[in-house]
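Written out below as structure tokens is the structure these notes cover.
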Amino acid sequence: MLLAFSVVASLAIGSIQVPFGEVVAAFTAYDGSDAHAIVRDLRVPRTELGLLVGAALGAAGALMQGATRNALAEPGILGINAGAAFAVVIAIDVLGVGSVAGYAAFALVGAGATAAAVLALGATGRGAGAVSLALAGAVLTWLLVSLTSAVLVFDAQTLDEFRQWVIGSIAGRDAGVALSVLPLIAAGLVIALGAGRSLNALALGDDVARSLGQRVGRARLLATVGFVLLAGGAVAAAGPIAFVGLAVPHIARMFTGPDYRWVIPYSVVLGAVLLLAGDVLGRVVARPADLGVGIVTGLLGAPFFIWLVRRRKLVAL
């Protein structure tokens, strides 16, 4: 019900309000009017992308928290955001890329390359361990952030173009952006939805998981691949969006408990709800301007997460 309400709100609410009846008529009796064109040409692609990115970030956060047994794991922990940002800066500064589709392509390459480097650095004789992955991700993140800042300091024009992407937004993206990342996110969701049982075993500790017949290194590597596909696709399509991947799994556990067979599906739905709700709020608070959803989730995320930690005992991972 929340998801359906969020979709309807995303189609109807914005700088120009469209009554619910007109939203329905835009699909059942399209007449080419401004209201119908706004719904079908602008808000439908935006809503579709919001559903896709929100679901991907929610599932990615749950996967990473389960694989690393880290309650604060999110798309930044493996350098996904930093790698994507650095690739976009290089694309703008060196190659003169200026389109959203171009940003998405380079962001995806940067996210994937950084994740591969983290896996290589964090690998051990028995696979990628949780602590080594987190440390390798932190090291590469700070390195890439420094390199990105160095480029931006010396090129004001690149900074002007880059800041439009780095705030995190689903506005202005056409259907082609969603289609370009759909195969990656779909593959990541398949991996995520099938990883619940192995993540439940990892939550008991590596030694216990091995005693139960679980191949710990393989399970963690598969979860990491799914996370990279999901987070990389989401960041490529919409830029880095804070809070969703971090908080959504915790919200899901309030309904499901610690069982990842339920946490991940709930995170998929709640991630889409949260991102669409944040996007709608961004359209309203600065009307007629449009506040990027990355700004909204960042502003609301910190106080909400503090409240969540103080008012409820987080379900154990």
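Annotations for the structure displayed:
- Cα shape, region 174-235, gyration tensor, a/c 1.5 rule: prolate
- Nearest-0.05 FRET efficiency for Phe255 and Arg215, computed from C-beta distance (R0 35 Å): 0.70
- Rounded to 10°, Cα long-axis angle of helix 216-238 versus longest principal axis of the chain: 20
- Extension gain, Leu193 to Tyr30, is 54.9 nm, computed as 0.36 nm per intervening residue step minus the present C-alpha separation.
- Distance between the 7 Å Cα→Cβ label points at Ala116 and Val208: 3.7 nm.
- Unit charges at the beta carbon, dipole of the chain: most positive-side option, Val23, Ser99, Pro258: Pro258
- Three-way shape label, region 1-83, alpha-carbon gyration tensor, a/c 1.5: prolate
- Sequence-distant contacts, meaning Cα pairs under 8 Å at least 6 residues apart, place the relative contact order of the chain at 30 percent.
- R0 of 30 Å, Cβ-Cβ distance Leu2-Arg163: FRET efficiency to nearest 0.05: 0.40
- Folded to 0 to 90 degrees: helix 293-311 orientation relative to the chain principal axis, Cα: 50
- Helix 156-166 vs. the chain, principal-axis angle (Cα, 0 to 90°, nearest 10): 80
- Exposed loop sites here are chymotrypsin sites (Phe, Trp or Tyr not before Pro) assigned a DSSP state other than H, G, I, E or B and surrounded by at most 15 other beta carbons within 10 Å; excluding them, the longest clear run of the chain is 155-317.
- Electrostatic bookkeeping for Arg173 treats Lys and Arg as +1 and Asp and Glu as -1; over the other residues with beta carbon under 11 Å from its beta carbon, the sum is -1.
- For region 241-312 versus region 20-95, the gap between their alpha-carbon centres in whole angstrom: 13
- Estimated dipole of the chain in Debye, rounded to 20 [Cβ of Lys and Arg +1, of Asp and Glu -1, Cα centre]: 1340
Throughout, read-outs are computed from the coordinates displayed, never taken from laboratory work. Predicted, not measured: the structure shown is a model, and the values here were computed from it. We place every Cβ from the backbone using ideal geometry, glycine too, and count neighbours over all the protein chains shown.
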